[in-house]
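Nothing in this text is a laboratory measurement; each read-out follows from the coordinates by a stated rule. Bear in mind that the values here come from a model prediction, so they are computed numbers and not experimental data.
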Ligand code: 8YV
């Protein structure tokens, strides 16, 4: 029997590629550059499946040009690169990689919060530049983490992981805002209290963004929201670029309207807004919140297993739009 053909859109772990080759005719992009849209469409011709990594836009135009496509398996929990209604209409299944990255990403969110509050990269640059000549009582004095108020916008699995770390590890008062309120028992386990968005902005000493990106969450944090935050507050974004208006944030940081920011994601990444590169009170990382070897391997395996389970047995593991199967 001929094996189904799939495209692996970005270079991935060799052992995962090997597993895929046991089940499929695999074309893989092993270069270090992403495929352009034209290349993606051309390479998807005749393919039943695509292994995507979050940067490949799958929309009605692409689906129309690739009629044999049946599944796109994203190696990411976020799936804002998928136009899910268009995929459902074209009977193309989308899958993502939930759960396997939750704790690792929550760890990173907390690390970024701490690095930001305690000015770790700013002070390291100072030291490396040979500027550390004397002690000063206020040298790189940052914001307290333990016992402070942690605000979380978006309370899915990763948000809950951050809440638990804050409440149980650091004795923080945890407040959150989400589209829907958690069940009382889960709120209790997370040590978190539901508040309106305005109260969240007003009261958080540290505000962590963990909500999915959509038209509704575009620029959920812009100039108006930043103006409502405490001047001593820090903002951490491990969700998606586009949730924060980066130009407005750079201005707020420069004018010290908020104290500091920690950003792992950017509008238009891998490009970073030039103004963010020149303000000192920001910690910048290149979208690595899920990047431990163990977690990235688990994500790659889950994406691959979705392709295998669906294309060989018709049963995906973590489908996003099961209604596409009819
Ligand atoms: C990934 C992510 O690193 O899972 C997500 O949604 O943003 C990250 O964990 C990224 O999408 C590459 O796969």
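Sequence gap at least 6, Cα distance under 8 Å: using those rules, report the relative contact order of the chain to the nearest whole percent. After rounding, I find 19 percent. In terms of Cα atoms, the Rg and Dmax of the stretch 36-185 work out to 22.1, 67 Å.
At q = 0.21, 0.22, 0.25 Å⁻¹, what log₁₀ I(q)/I(0) does a Debye calculation on the Cα points of the stretch 162-242 give, no solvent, two decimals? With one equal scatterer per Cα and no solvent, log10 I(q)/I(0) is -1.08, -1.17, -1.40. By the Stokes-Einstein formula, at 0.890 mPa s and 25 °C, the chain with its Kirkwood radius over alpha-carbon pairs has D equal to 116 µm²/s. Have a look at 50, 227, 261 and tell me which one the Gaussian network model of the chain (Cα, springs below 10 Å) gives the largest fluctuation. Of 50, 227, 261, the Gaussian network model singles out 227 as fluctuating most.
Taken as Cα centroids, the stretch 179-227 and the stretch 25-85 sit 32 Å apart, rounded to the nearest whole angstrom.
Under a Gaussian network description of the chain, with springs only between Cα atoms under 10 Å, the residue in 164, 254, 128 that fluctuates furthest is 128.
Treating each Cα of the stretch 102-284 as an identical point scatterer and summing with the Debye formula, the log10 of I(q)/I(0) at q = 0.11, 0.18 Å⁻¹ comes to -0.44, -1.17. Between helix 293-313 and the chain there is an angle of about 30 degrees, using the helix long axis and the longest principal axis of the Cα atoms.
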